[in-house]
Amino acid sequence: MIPTPLATPVVLAAALAPAAPAAPPSGPCTAEPGAPRCVFEYGRVTFVADGDTVDVRIRGAGIRRVRLTGINAMEQTRYSKYPSRRRGSCHALAATARLQQLVRAGRGRVRLAALNPASVAGTRLRRQLSVRTAAGWVDPGAVLLAEGHALWLPNGVEYAWNRSYSILSARAAAQRLRLFDPQGCGPGPGAAIPLRLRLRWDAKGNDGANVNGEWARIRNPSSRPLRIARWWFRDSAARRFVFPRGAAIKPHRSVVLHVGRGRSNGRAFYWGLPEPAFENASGGSRAMGDGGYLFDPRGNLRAFVIYPRRA
């Protein structure tokens, strides 16, 4: 009788081969009915860079810089773990401090969510971040928007949070919280003038072929002229247009800022962008939109439009 071998070479090789890494867990991105599914990763925050960026030691992936999807805090120019050493524009440091407070409440333990694990913003991972607390998972991005610390920045890939985030931002704006306080950085020029902003975010015809068909109209309803040199306008992304020396709005008159290229004449200004600035609004699961924001030189948000209206 021939003895049976303990294991054939093929079976032995399979037994000794390293196990394949487990796929990241997945589940609904949000608690809303019909929410799309996300891939989750877990880790600990090692550094809060600014109001929308953190470094996270992700299990099995090392330390990665993460951009919180769906929000845009004001720009910070100097980063430090010491609050006294940070520098930035008005509202920037308050947003960083609030994000750090939320992270510390969960002792740095976080969950990162993405519809597409390959989503990036430059070199940063683009993720929704939740902090683990005794009460459960808390969404710092939602908190920052609800408290007026950041602007809503919709994303077409990581879209699961677009609708709820837009509503939170609109509510903060209606209450004039923090960023939306027109004198939150101290009284600016013409502080008593209630400026009006109209936004044409969808140009006639093809947006890409009619870039100047997107525009912002700023109206001065007062009986006094308003100088707007060094004022700046932006969409929900970081790009901006700074009004030049001599720019002013006459009493009961308007100026128009076109998105594309052209020659300014004191009544019409041109941003100079080669492509449209504003996202077209959409319903459904993607719930896209955008906003237009006018700031005075002190950093006060003096007029704005957030669209579409969902709140």
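Residues of segment 58-95 that are touching a helix residue (DSSP H, G or I) at 6+ places or on another chain (Cβ under 8 Å), buried (at least 21 other Cβ atoms within 10 Å of the Cβ) and within 24 Å of residue 159 (Cα to Cα): 68, 69, 70, 71, 73, 74, 95. Of all residues in segment 27-46, those that are at pLDDT below 95 have Cβ atoms under 9 Å from Cβ atoms of residues that are in a strand (DSSP E or B), 6 or more apart or on another chain, in 34/28. With respect to residue 114, determine if the residue is of a type in the set (Gly, Ala, Ser), free of Cβ contacts under 8 Å to residues at least 60 places away in the same chain and not assigned by TED's automatic domain parsing to the domain that holds residue 277. No: the conditions fail for residue 114.
This table checks each residue for (1) outside any loop (DSSP other than H, G, I, E, B); (2) among the aromatic types (Phe, Trp, Tyr).
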site	(1), (2)
263	no, no
278	no, yes
288	no, no
292	yes, no
302	yes, no
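The condition of being under 29 Å from residue 94 (Cα atoms), within 18 Å of the chain's Cα centre (by Cα) and assigned to a helix (DSSP H, G or I) does not hold for residue 238. Considering only residues that are among the hydrophobic types (A, V, I, L, M, F, W, C) and free of Cβ contacts under 8 Å to residues at least 24 places away in the same chain, which ones fall in segment 267-311? If the condition is that a residue be among the hydrophobic types (A, V, I, L, M, F, W, C) and free of Cβ contacts under 8 Å to residues at least 24 places away in the same chain, then 268 is the only one that fits.
Look at (1) in a loop (DSSP other than H, G, I, E, B); (2) under 15 Å from residue 304 (Cα atoms) and you find that residue 256 fails only one, number (1).
Scoring residue 205 on the criteria (1) crowded, with 21+ Cβ neighbours inside 10 Å; (2) farther than 18 Å from residue 304 by Cβ leaves a single failure, condition (1).
Filtered by the rule that a residue be part of a helix (DSSP H, G or I) and buried (at least 21 other Cβ atoms within 10 Å of the Cβ), segment 103-118 gives a lone residue, 103.
Pairs linking a residue in segment 189-209 that is on the phi > 0 side of the Ramachandran plot to a residue that is assigned to a strand (DSSP E or B) and of a type in the set (A, V, I, L, M), with Cβ atoms under 7 Å and 6 or more positions apart or on different chains, are 190/226. Scanning segment 132-150 for residues that are farther than 15 Å from residue 58 by Cβ and part of a strand (DSSP E or B) returns 133, 136, 137, 138, 150. Residues that are among the small types (Gly, Ala, Ser), loosely packed, with under 15 Cβ neighbours inside 10 Å, in contact (Cβ under 8 Å) with a residue 40 or more places away in the chain and more than 20 Å from residue 26 (Cβ to Cβ): does segment 140-159 have at least one? So far as segment 140-159 goes, yes, one or more of its residues are among the small types (Gly, Ala, Ser), loosely packed, with under 15 Cβ neighbours inside 10 Å, in contact (Cβ under 8 Å) with a residue 40 or more places away in the chain and more than 20 Å from residue 26 (Cβ to Cβ).
The values are calculated or read from the model by the stated rules, or taken from the named source; none is laboratory data. As the structure is a computational prediction, the values presented were derived from the model and not from experiment. Glycine gets a Cβ as well: all are built from the backbone with ideal geometry, and neighbour counts include every protein chain shown.
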